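Working notes for the structure below.
We did not get these values from a lab; they are worked out from the coordinates using the rules stated. Computed from a predicted model, the values in this text were never measured in an experiment. Reconstructed Cβ throughout: ideal geometry from the backbone, glycine too, with neighbour counts over all protein chains shown.
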There are 2 protein chains.
Amino acid sequence: MLAEIITIGDEILIGQIVDTNSAWIGQQMNAIGFKVHQITSVSDNREHILAALKEASCRVQVVLITGGLGPTKDDITKKTICDYFNVGLRFDEQAYKDVAHLFKIRGREVTHINRLQAEVPENCSTLYNKAGTAPGMWFDEGGVVYVSMPGVPHEMKYLMEMEVLPRLKAKFESPFILHKTLLTQGIGESFLSEMIADFEDALPANFKLAYLPAAGSVRLRLTASGNRNEVTETMNRLVAELSVLVSEYLYGFDDDTIEEVAGRLLKAKKLTLGTAESCTGGFLSHLLTRIPGSSEYYMGSTVTYSNESKTALLDVPADLVRKFGAVSEEVVKAMAEGAKLKFNSDCALATSGIAGPGGGTPEKPVGTVWIGISTPAGTWAKKVLLGDNRLITIEVASMTALNMLRKELLEMR
Amino acid sequence: MLAEIITIGDEILIGQIVDTNSAWIGQQMNAIGFKVHQITSVSDNREHILAALKEASCRVQVVLITGGLGPTKDDITKKTICDYFNVGLRFDEQAYKDVAHLFKIRGREVTHINRLQAEVPENCSTLYNKAGTAPGMWFDEGGVVYVSMPGVPHEMKYLMEMEVLPRLKAKFESPFILHKTLLTQGIGESFLSEMIADFEDALPANFKLAYLPAAGSVRLRLTASGNRNEVTETMNRLVAELSVLVSEYLYGFDDDTIEEVAGRLLKAKKLTLGTAESCTGGFLSHLLTRIPGSSEYYMGSTVTYSNESKTALLDVPADLVRKFGAVSEEVVKAMAEGAKLKFNSDCALATSGIAGPGGGTPEKPVGTVWIGISTPAGTWAKKVLLGDNRLITIEVASMTALNMLRKELLEMR
């Protein structure tokens, strides 16, 4: 079963807003067995909207339309839909009561243009909107369901959850679709694909594998449809197989983040963490602290950009920095041990590298990062080469450090 | 002149990622005089991609395609484009050299499938990609320009900025369009619009004002088209007027960031900065250190999540924390002064607040943040209330701190 999302609004096309509605709708539709076949964003223009509706109706069984239902002149979706179906408007008493109620609790009088919002096309079933002033509309014409909703995210979500998804589930017998995503860190897309080539070739016909790369990680997404029990069983077997194949790099599943996974392990093992950052400049700490409740296991960080501050804040011996340089195994280990002491934590991570664009040498080119880790089991460090994009070096170094911690924690008894 | 964006990838349709590329491309195309007529997201499916290309070529003069250029089997854009134009592939030596170089600086061998990435359709002009392994492709066929780019945002942006936008500007005679953006911090969209209502009403007919809100800032974008000299002259006058009206909140123009503006001021005044973060958790430090060359004026940070670490690392008296609480004027001032001493810097910023979701009280609700500043001129602090979204509180508190520093530096002789 196929659906298409049509988003209406100039603000999307000129890039004034990022369309987050479509991704959310895509997830919801997928979960009830629909495949979103296409997302089409068009301007607030009558002909353009009419053309998009017509084309979509030839491709899919369900057309979900958002946007253009506001009370102002530039919002023309409702009028255009009337033209599309060649129908007039009717006044919907219940929709008007909803609008009047909303104005009352905000202490305001209903204006004329808001009264007009209670008018809906004659052939629609009204989707009452308790979250805003524009009702949604459900049409079932020529074997295609069309739904028109406001573009304001929380109003659209209200209508989808309360009205649209239940109606779609009732109307369509949905096939079963299952997704499972494996999250890897520390290996590129091409190496990963070589590593699992045999697995990929042997996938059942109803299973599909996608590689989704992002800075510092590659997600592997398995998708299947078919009989619920059969698909679920095969998926579990395949996920287990694939997990073994990529175990060295696997840090989690689906919506996990590496900082959450590491955080959960720290919490489970009742261990605390401190960090000492040079080249990552606070980003490692930001990843850890953006998780609510991280103060339970995360003690803090020092960002020591200057050599002097490494000595002043972390007691890294000045001799060590002079002898080996700030970007070295010796110094990053001393930073990790210093952080452990200063924050009185069980574990510590430390980073020191050349994020660039300046500061590289033939021996230590831009992108060279040393990452140190100290746990009750000992202290060690490793070097990674991350290329010449400053921001990516910062992000990948931070994720690499968290993954070192995750692995180390898993190995601890 | 019309353009269409086609984004290819199942991950967009199932909602696994939010398409941020299209909004960015929309902004860039707008700036050089193109109107994005439609954004179409399609799956990694040959027939679907072919249909989308054909339909787009009937609607617009420029088709910008992103996604599906990875080295793995699910990426079929390049092959499909060959079919669309009915051409074969050729091996591009320079593209291969780029790939080999990228692997070399990461200390790895080029794999067979990455070698294949250097193959491009016979009829394309290769857009060399220094930011990744997939080259971009430029086609000029049947009066329509088609551009294929990777979907990874930083690679797409690199190719757009270095290759696509310059080529489009050279090829198409664009009407003169001028944009100027004023960046404000510390005032909401609706207050701003009341403040400048008269200015907005009096704008010449060929000038348009857009409000672009983001976490912690509102951008005001003036856009005009027409005769170059006339538009430029009027724009300069209007920007000067508007700058005076919003001067209290204005921190920069166009692509400035508040951390760059503050950094430039520090450099110009030969002053150094240290920071002490609690609720911002390293994000303030990350903003400062993501600027290349920031080590010239930025000394470092302490992220002190626990009360003990505030004392251990910044010498904040334990009594002070006990008496006033960690989120207080007294403590945040002591943190700023502690950071100044520890980092031996001229200035310091400090943050302490309740980012949430837990930890709020009736007197100090979630979103309460104290920000302290210490300069050669003295130490003071202010309180802001930033609401109940943890990430937004972290971002806005960091920007507010940088804006306090910027204003303070401007007032110093």
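Structural remarks
- Projected label distance in nm at B:Trp380 and A:Leu2, using a 7 Å step from Cα toward the beta-carbon: 6.4
- Square roots of 5 times each gyration tensor eigenvalue, C-alpha, the protein assembly as shown, largest first, Å: 44, 35, 29
- Applying both filters, DSSP loop and at most 16 other Cβ atoms within 10 Å, to the GluC sites (Glu not before Pro) of region B:170-236 gives B:Glu173.
- For chain B, built as a Gaussian network whose Cα springs stay under 10 Å, the top-fluctuating residue of B:Val60, B:Val303, B:Val87: B:Val87
- Cα centroid separation - region B:249-327 against region B:76-139, whole Å: 43
- Taking 13 Å as the straight-line reach from the Cα of B:Lys270, the aspartates and glutamates in range (excluding those fewer than 8 positions away in the same chain) are B:Glu296, B:Asp346.
- Assigned charges on the beta-carbon of Lys, Arg, Asp, Glu; region A:248-357 dipole about Cα centre (debye): 340
- Distance-filtered residues of region B:153-196 - backbone nitrogen under 11 Å, label point 7 angstrom along B:Leu209 Cα→Cβ: B:192-196
- Global geometry of region A:134-286, whether rounded, prolate or oblate, following the gyration tensor of its Cα atoms and the 1.5 cut on a/c: oblate
- One quarter of the convex hull surface built on the alpha carbon atoms of region B:303-373 amounts to 4.4 nm², the projected area averaged over directions.
- What you get for the protein assembly as shown, charging only the Cβ of Lys and Arg (+1) and of Asp and Glu (-1), is a dipole of about 1460 debye around the Cα centre.
- Potential lengthening between B:Ser225 and B:Glu141 on full extension [0.36 nm per residue; Cα-Cα distance subtracted]: 27.3 nm
- Calculated P(r) tail over 19 Å for region B:258-411, as whole % of Cα pairs: 46
- Pairs of alpha carbons in chain A whose separation is greater than 27 Å (percent): 63
- Listed pairs A:Lys130/A:Lys157; A:Lys269/A:Lys407; B:Lys35/B:Lys180; B:Lys310/B:Lys342; A:Lys79/B:Lys208 exceeding 21 Å between Cα atoms: A:Lys79/B:Lys208
- Karplus 3J(HN,Hα) series, Hz, for region B:400-412 with 6.51 cos²θ - 1.76 cosθ + 1.60 (x for Gly, Pro): 4, 4, 5, 6, 4, 4, 4, 4, 4, 5, 5, 7, 7
- Residue by residue, region B:273-282 carries 3J(HN,Hα) couplings of 10, x, 9, 9, 10, 10, 5, 6, x, x Hz when phi is fed to the Karplus relation 6.51 cos²θ - 1.76 cosθ + 1.60 (θ = phi - 60°); x denotes Gly or Pro.
- Note on B:Asp255 and A:His112: their simple-model spin labels are 4.8 nm apart, each label 7 Å out from Cα toward Cβ.
- Teacher prompt: A:Ser243 distances to equivalent labels in other copies, 7 Å Cα→Cβ, nm: 6.0
- Beta bridges per DSSP with both ends in region B:258-411, % antiparallel, nearest 5: 60
- Farthest towards the positive end of the charge dipole of region A:284-387, among the residues A:Val369, A:Thr379, A:Gly325, is the Cα of A:Val369, using unit charges on the Cβ of Lys, Arg, Asp and Glu.
- Each label point was placed 7 Å from the Cα along the Cα-to-Cβ direction; for B:Ala318 and B:Lys267 their separation is 4.4 nm.
- With 0.36 nm allotted per residue and the present C-alpha distance subtracted, the B:Arg90-B:Ile105 stretch has 2.8 nm of extension available.
- Rounded if a/c under 1.5, otherwise prolate or oblate - region A:176-253, Cα gyration tensor axes: prolate
- Region B:165-235: trypsin sites (Lys or Arg not before Pro) falling in loop per DSSP and having at most 15 other Cβ within 10 Å: none
- Of the GluC sites (Glu not before Pro) found in region B:245-329, the ones in coil according to DSSP and having at most 13 other Cβ atoms within 10 Å of their Cβ are B:Glu248.
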